[in-house]
Every structure is written in C-alpha cells, then in structure tokens.
Amino acid sequence: MEIAFVDLKKQYQSLKSEIDSAIQSVIDHTAFIGGNNHYIQIFEESFASYIGSRYCISCANGTDSIEIILKAAGIGINDEVIVPANSWISTSEAVSNIGAKPIFVDCLQGVYTMDPKDLTKKITSLTKAIIPVHLYGLPAEMDEIMNIANKYKLFVLEDCAQAHGAVYKGRKTGSIGHAASFSFYPGKNLGAYGDAGAIITDSEELAKVCKMIANHGQVKKHNHLIEGRNSRLDGIQAAVLNVKLPFLDQWNNARKRNAEAYRSLLNGIVITPYVPINMEHVFHLFVIQVGDRENKINELKKKGIETAVHYPTPLPFLPAYKHYNAKPEDFPVAYGNMSRILSLPMFAELKTEEIEYITEVFNVRVTH
Ligand SMILES: *Cc1c(COP(=O)(O)O)cnc(C)c1O
C-alpha cells in the first residue's frame, strides 16, 4: 500500500467534470483577471457568507492577506505584533515585511495554539496587534485573546490558513477577531489549483483599504489614492474555489471521522490531538506526539506511508531569527514538543483501512 501525506488527485477525480468545465468557462470568457470578474465576485460573496462576515477581499495568497491586513490597520515601523512560536513562517514573515517586529509567544501543551498567559507577558507599549493562528485546524483560545486585546486596545488578526470552517463557541474562525487571513494553497482544507488567498472582515473601512492595497492603491482605474501592490486572485482559481466551497463542510466532516478513527486506534499508545469542548477542530493536520519519532518515520516510510513534521523548528529557533537569541526555556512547550510531534496522513478521502494500516506501526492490533 502507498499512502500519500495529502492526495489531491483523489479529490480532483471526484469533481473532474465540474472543475474542468469551470476552468474552460474562464478561458472561454477570457475572465483571467479583472475588476468586474464574475468568478471572483461570486467567490468573495459566497466565502464571506460561509464565514459569517460582511466582507471578503480576495488576494494572491495567504501570506499577502496577512501583510495587507496589517498595513491596512496602520501597523508598521516600530510596532510590535505578537505571533505564536509554533506556526508556518508566513505569520511572522508578514509582520517583518511591513516593517514591524514579530514577538513570539509559547503555545499551550495539548492544543498547540497560542498561550494567553505568555501572550500577556509579552505586551509592551509598542504592541499593536496579535495574530492568533488556529493551528492544525483547532481554534485558538479566542475569548481570552479578545479580552486581552480589548484591555490593551490591540488589533486581532486571525490567521485561518489551516482552519477553514473550524468553529469556536458557535462562531466560525475568521469571524471573531477584527480581521482574518485565509490561504487557499492547494493542500489546505479549501485549496485552489495554484496560489490564492482572502481577507475577511466586518469593518467596511478596513475592507475598503485592503481592497485598495491589493490593487495598486486604486479606487477605480488610474485613480491611485495610495501606493499599493499587486495581489490579485485570478479567475481560474476563483472558478475552482467556487466548485469546491460547497463541499468544504462534507470534506471537513470526513477529516473529523478520520481523526476519530485514528484516535480510537491510538488512544493510550501515543498522544493524540485534544479538542476542548465548545470547539470544532477541522483537522487540517493530524499531529501526534511520539518518543521515538525518527524510528517511526522510517518504519512508516518502509510501509509506503508519507509523514511530515509541523514544524521541525519553532519560529524563534530558525536561523532567520537568530538575532532574537531565543533560549529553550523561553518557549518550553514549543521547544519540548519539537522532537516529538509527527503529522500522519490526513485528507478527506483517506480510508479507514488505510488508517488501520498506518497505525500498525504503533503496535495497534486491528480486530474485525
Ligand atoms: C499556509 C499558511 C499561510 C500562508 O499561506 P500561503 O497561501 O502559502 O501564502 C499562513 N499561515 C499559516 C499558518 C499557514 O499554514
């Protein structure tokens, strides 16, 4: 048996005719890019309504969506923005790219998201914003984070790149903070067929500025109120996303079922993901903790099973941030988890038999 970490082909095969005709239709209408692009407008409206927010502004990728929001919120030079130590580098990179300084906080044991206690400790007079990441598909502790933000008057940007459709106390992630960034990189829970991203917000003013920044600062053609940048979603990506969005909940439910299957087989053998009550995890990744990780990775590989590690090095310990001189005791949880975390294959089309085959490596005996 060969089991890929993420198998994008299976999903395509299940929707082949719809996807092919959507792409063909963009080409037939030469609707590649553009202001009044029908495919893009439909996507923005339907995604805003899916999340339960007023505005969706599409852009070129998830990293751009973070940068554009921060810029639109007036954050820049000399400002500090608090980010989790445990994330993909986009979260901190976007902060540096707009001239501000990322300040890292440790994660919570068990759930892996930003630790609100450590967050409070990192606030200074220069802090302007917080970027909670709903890591692996599990919402961050948003009530506590919003309370802290309100107390110190900080802007909250939810990084939802791994959490399309996740729910926190009855609200979709992306509708809780002041704005949210989404990535539709092909492997995400909702993925395009190339790079794509979106900004979500309820603020009319912020939406207007984000839209302007993403399109060279124009309000209409050749009327540039500010210098912006080029960060556009293209018609083909929008058309693919329009076909796929109606299936997102169904795919997330399949991921949840797969996570349950893993959990029931691995319970008591390795540390499996913990889901607090009042939260719905959408399992972008299924991350366990094992003591002898490198051996397990090799055994899995021998059986034809691909795995990954998210992430092998917490952000503050990457060479890119060596000037921070981070010490293990500054981020004890993220640092301690670093050598034990392991991401097992996870996607909607993964079969129960495949999950059973994967868990054999952990000495799980499946009895039928
Ligand atoms: C994927 C990802 C991003 C960025 O997305 P791109 O579309 O690849 O730029 C940002 N944050 C997190 C946590 C991600 O996983």
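The values are calculated or read from the model by the stated rules, or taken from the named source; none is laboratory data. Worth saying up front: this structure is predicted, and the values here are computed from it rather than measured. Cβ placement follows ideal geometry from the backbone for every residue including glycine, while neighbour counts extend to all protein chains displayed. Please note that ligands, DNA and RNA were not included when accessible areas were found on the heavy atoms of the full protein model with its side chains. Shrake-Rupley method; radii C 1.70, N 1.55, O 1.52, S 1.80 Å.
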Among what's in the range 1-33 and is of a type in the set (Val, Ile, Thr) and not in a helix (DSSP H, G or I), pick the residue that is surrounded by the fewest Cβ atoms within 10 Å (Cβ to Cβ).
-> Thr30
Please indicate, with yes or no, whether at least one residue in the range 161-178 is assigned to a strand (DSSP E or B) and crowded, with 24+ Cβ neighbours inside 10 Å.
-> no
Residues of the range 49-90 classified as closer than 22 Å to Gly228 by Cβ and within 15 Å of the ligand (Cβ to nearest atom), total | 16
Sort out which residues of the range 74-110 are in contact with a His (Cβ under 9 Å, 6 or more places away or on another chain) and open to solvent by 40 Å² or more (accessible area, probe 1.4 Å), and write them in order of number.
-> Trp88
Of those in the range 274-327 that are of a type in the set (Phe, Trp, Tyr), within 16 Å of the ligand (Cβ to nearest atom) and part of a loop (DSSP other than H, G, I, E, B), the residue farthest from the chain's Cα centre (by Cα) is Tyr311
Flagged pairs (Cβ under 7 angstrom, 6 or more apart or on separate chains; first in the range 182-196, farther than 12 Å from Leu248 by Cβ; second more than 8 Å from the ligand (Cβ to nearest atom) and of a type in the set (S, T, N, Q)) are Ala192/Gln237; Tyr193/Gln237; Gly194/Gln237; Ala196/Gln237
From the options Ser231, Ser203, Ser264, residue that is within 15 Å of the ligand (Cβ to nearest atom) and over 14 Å from Phe43 (Cβ atoms) | Ser231
Expected single match for within 15 Å of the chain's Cα centre (by Cα) and open to solvent by 10 Å² or more (accessible area, probe 1.4 Å) among Thr113, Thr63 is Thr63
Kindly indicate the residue of the range 337-367 that is more than 19 Å from Val309 (Cα to Cα) and among the β-branched types (Val, Ile, Thr) and also least open to solvent (accessible area, probe 1.4 Å) among those meeting that condition.
-> Val364
Over 21 Å from Leu206 (Cα atoms) and acidic (Asp, Glu) - does that describe any residue in the range 116-123?
-> yes
